[in-house]
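Below: the structure, in structure tokens.
Read-outs throughout are calculated quantities, based only on the coordinates presented, and are distinct from any laboratory measurement. Quick caveat, the model's predicted, so the values are computed rather than measured. Reconstructed Cβ throughout: ideal geometry from the backbone, glycine too, with neighbour counts over all protein chains shown.
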Amino acid sequence: MNELIVTMGADQRLVGTLCMPTEVAPKSIAFVMLNAGVVSRIGPHRFNVKLSRHLATQGFSSLRFDLSGQGDSAPPSALAAASQEEQVMLDLRDALDHIAQTTGIERFVIAGICSGAVAAYFYAQRDERVIGTWMLDGYTFHTWQSHCIRYAGKVSRLLTRDWSSTLAKIKALLSSDSQQVADEVDYGSNRQPSKIEYITAMQSMAHRGMRSFMMFSSDIHWYYNYQNQFVDAFRGQDFASHVTTKYLPTTDHTLTQVKDQTYVIECIGTWACTLAD
């Protein structure tokens, strides 16, 4: 493989690493990887680096880059500054444009963890060049079964505590959803879609042929907690057939364990090959 440090955007202030295959024939799809929260473009525990290099062995080019004001990328000028969320969209456009101009590739998969998954979801709606997304701990929605698992876990934890207050806490837990706000996933965005909005967006992207691979870690078990939750939440929706899901009940949100990184990377590589020509 060949890795190059690149700058991009109209003012060349965005910095990334372009990784291109050299040992196998290049495919006509490139991956784009961005920051996970405040972690630089290398990804948590260098996950993006490892993923890029694995994909290169399968013929996929990739660009891992820092969003404006993160890692090695400079912030936008005061005159050019947009809202934080809009700036992410502009940065992603610059990243895709750079790959297209450099390699000629015009089809892309955006890969993101948490806030990066949010960015992938919103940007994919804007740009038809995006033919796929990989997301770890992105948006999802409860089902009756996930609620049951969630509350059973809460009751179980309460039963291990001081019995003097346990019964009162269980009663309050069952009579209301007072902890809903505290239990919501912080996606780093205030644009969390309603279920109707989500269905509409996913249906539109599916109609143009876009496919998604969604993984969910154990760290959001109160929100996503069994393998078929996504299927159950969107049963009967056409777009569901364009979505591959995998629940990782022993994997944490930042892929700390090397064995988990290896497994996830291999899964992504296998899925990516189903997108290629």
* **Under 12 Å, Cβ to Cβ, from A74 - net charge with Lys/Arg +1 and Asp/Glu -1** => -3
* To do: Principal axes first, then extents: for the Cα atoms of the range 1-101, list largest minus smallest coordinate on each axis, whole Å, largest first.
  => 44, 30, 19
* Structure fact -> For the range 63-78, Karplus-derived ³J(HN,Hα) couplings (6.51, -1.76, 1.60; θ = phi - 60°; whole Hz; x for glycine and proline) come out as 10, 9, 9, 9, 5, 3, x, 10, x, 8, 8, 7, x, x, 5, 4
* Structure fact -> Rounded to one decimal in nm, the spacing of the 7 Å Cα→Cβ label points at Q227 and R53 is 3.2
* Asked: What does the charge count near I131 come to, summing +1 for each Lys or Arg and -1 for each Asp or Glu among other residues with Cβ under 9 Å from its Cβ?
  -> +3
* Specify the inter-centroid distance of the range 192-262 and the range 97-142, based on alpha-carbon positions, in whole Å. => 14
* Structure fact -> In whole percents, the bins of 5 Å from zero upward hold the Cα-Cα pairs of the range 70-110 as 5, 19, 25, 23, 15, 11, 2
